[in-house]
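Worksheet for the structure shown next.
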Amino acid sequence: MTDSEERGHLLTEQINPDSQNLDQLTSLELVELFNREDAKTLSAIAAASTQLAQAIDWTAKALGEGGRLFYVGAGTSGRLGVLDAAECPPTFCTPPELVQGIIAGGAGALVRSSEELEDQQEHGAEAIAHRQVTELDVVVGISAGGTTPFVHGAIHAAQQRGATTIMLSCVPSEQVSIEADLDIRLLVGPEILAGSTRLKAGTVTKMALNIISTGVMVQLGKVYGNRMVDVAVTNKKLHDRALRILQDLTSLSRKEAGLLLERSKRKVKLALLMHWTRLDHQQSDRLLTQHQGNLRTAVQSWKNSSTNS
């Protein structure tokens, strides 16, 4: 039996009955069809909400105890993992090693198709060994069809090293059995273009990764309310965002917010703590460190000590 025959039964490879005349649709009809099909991604996320919440809790705990988060995938799945990892440092001011994306074929596979490399299970295991994954880490395998050897090799190697393992796939458990600590199924049905998992499967995967990484960063204290208080102020846009956050959460003018931001060495979270507590930079930094970078708990601690003194 050929690989295509073996995988033809997978949900991600099946024919979508609602798009069999795809090549005969007008552009408007095509857009409307996409809209109807993409709506299924919302239902898939809702159905997996409990598992996604578990992924957030486990990962936040691991990272809070010194672990790292790794996304592993090939092709579109790998690119989505690398993208989510790459967006964490500018959004949450995390060190680049905290959240890492591993893609079959390495950096070159981000811009050039190298899907044949996904069949090398041993390469997935080697990637895990190269990054010296330990029991403190979380490894998230991403495979729309759930069968990618590179991903399974990485997950198996991570398990042997004691890491927490999570799998994201878009096929039901009766079609593909997956051995991971947490098995998340995002069932969006057959693609409009049969087998093109960069479509609904890719969209729902991006949604799931957004939820996991953002949820983890919220639990790690990288957010205050719904504000990006750990934003890395590295360009004009982000500098403007930092000033607006300071203005929105204080009664400061833009000029005053700018001066406060500079006094905090361009750290929004620290600037807010300095403003609310009237502590200097060193004192505020020490207080924030005592509370693992959580601004809300640091402020509450200061209020409690001020009330009791």
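To the nearest Å, what is the center-to-center distance of region 56-109 and region 14-46, using C-alpha atoms only?
When both Cα centres are located, 30 Å separates them.
Provide, for q = 0.08 Å⁻¹, the log10 of I(q)/I(0) from a solvent-free Debye sum over equal Cα point scatterers in the chain.
Scattering profile of the chain, log10 relative to I(0): -0.44.
List every residue whose amide H lies under 5 Å from the amide H of Arg266, counting only residues 5 or more places away in sequence or on a different chain, with H placed 1.01 Å from N in the peptide plane.
Close amide H contacts, sequence-distant or interchain: none at all.
What net charge do the residues around Asp137 carry, taking every other residue with its C-beta under 10 Å from that of Asp137, with Lys and Arg at +1 and Asp and Glu at -1? Each step should come with its number before you reach the end.
Values: positive: Arg68, Arg131, Arg161; negative: Glu135.
My count for the surroundings of Asp137 gives +2.
Treating the Cα atoms of region 134-285 as identical point scatterers in vacuum, please give the log10 of the normalised Debye intensity I(q)/I(0) at q = 0.08, 0.10, 0.14, 0.15 Å⁻¹, two decimals.
-0.40, -0.57, -0.79, -0.82
Let me know the charge dipole size of the chain about its Cα centre in debye, to the nearest 20, where only the beta-carbon of Lys, Arg (+1) and Asp, Glu (-1) is charged.
Numbers: 30 positive and 35 negative charges, 496 e Å.
Using only the charged Cβ atoms, the result is roughly 2380 debye.
Taking other Cβ within 10 Å of each residue's Cβ, how do Asp240, Asp181, Asp23 sort, fewest first? Before the final figure, lay out each step's value.
Values: Asp240 12, Asp181 17, Asp23 7.
The order, fewest Cβ neighbours first, is Asp23, Asp240, Asp181.
Report the one residue of Gly146, His281, Gly189 whose Cα lies farthest in the direction of the positive end of the charge dipole of the chain (charges on C-beta: Lys and Arg +1, Asp and Glu -1; origin at the Cα centre).
His281
Determine the calculated [θ] at 222 nm for the chain from helices alone, applying -39500 (n - 2.57) to every DSSP H run no shorter than 4 residues and normalising by the residue count; nearest 500 deg cm²/dmol.
On the way: 13 runs with 159 residues, N = 309.
When only DSSP H runs of four or more count, the value is -16000 deg cm²/dmol.
So who's got an amide H within less than 5 Å of the one on Ala104, skipping anything under 5 residues away but keeping other chains? H placed 1.01 Å off N, in plane.
Gly73, Ala74, Gly75
Tell me the Kirkwood hydrodynamic radius of region 236-308 in angstroms, computed as one over the mean inverse distance between distinct C-alpha pairs.
Values: mean 1/r = 0.0810 Å⁻¹.
Result for region 236-308 stands at 12.3 Å.
Student exercise: in the chain, how many lysine pairs 8 or more apart or on different chains have Cα atoms under 23 Å apart?
25
What's the ranking of 66-75, 195-204, 219-228, 80-89 by average number of surrounding C-beta atoms within 10 Å, highest first? If you can, show how the numbers build up before the last one.
Numbers: 66-75: 24.2, 195-204: 21.7, 219-228: 17.6, 80-89: 20.0.
Going from most to least packed, we get 66-75, 195-204, 80-89, 219-228.
Tell me the relative contact order for the chain as a rounded percent, counting alpha carbon contacts under 8 Å between residues six or more apart. All intermediate terms of the calculation are to be shown ahead of the outcome.
Details: 510 pairs, mean separation 59.9, N = 309.
RCO, the chain: 19 percent.
Report P(r) for region 85-221: all Cα-Cα distances, bin width 10 Å, range 0 to the bin holding the largest distance, values in whole percent.
11, 39, 40, 9, 0
With a sphere of radius 10 Å drawn around the Cβ of Ile192, what net charge do the other residues whose Cβ falls strictly inside it have (Lys, Arg +1; Asp, Glu -1)?
Details: positive: Arg36, Lys200; negative: Asp18, Glu37, Asp38, Glu191.
Local net charge: -2.
Across the Cα atoms of region 133-210, what radius of gyration and what greatest pairwise Cα-Cα distance (Dmax) are found, in Å?
Using the Cα atoms of region 133-210, the pair Rg, Dmax is 12.8, 40 Å.
Using alpha carbon centroids, what distance separates region 167-226 and region 286-306, in Å?
Using only Cα atoms, the two centres lie 34 Å from each other.
Laboratory data are not the source of any read-out in this text; all were calculated from the coordinates shown. None of these values were measured; they are calculated from a predicted model. Positions of Cβ are generated from backbone atoms using ideal geometry, with glycine treated the same way; all protein chains shown enter the neighbour counts.
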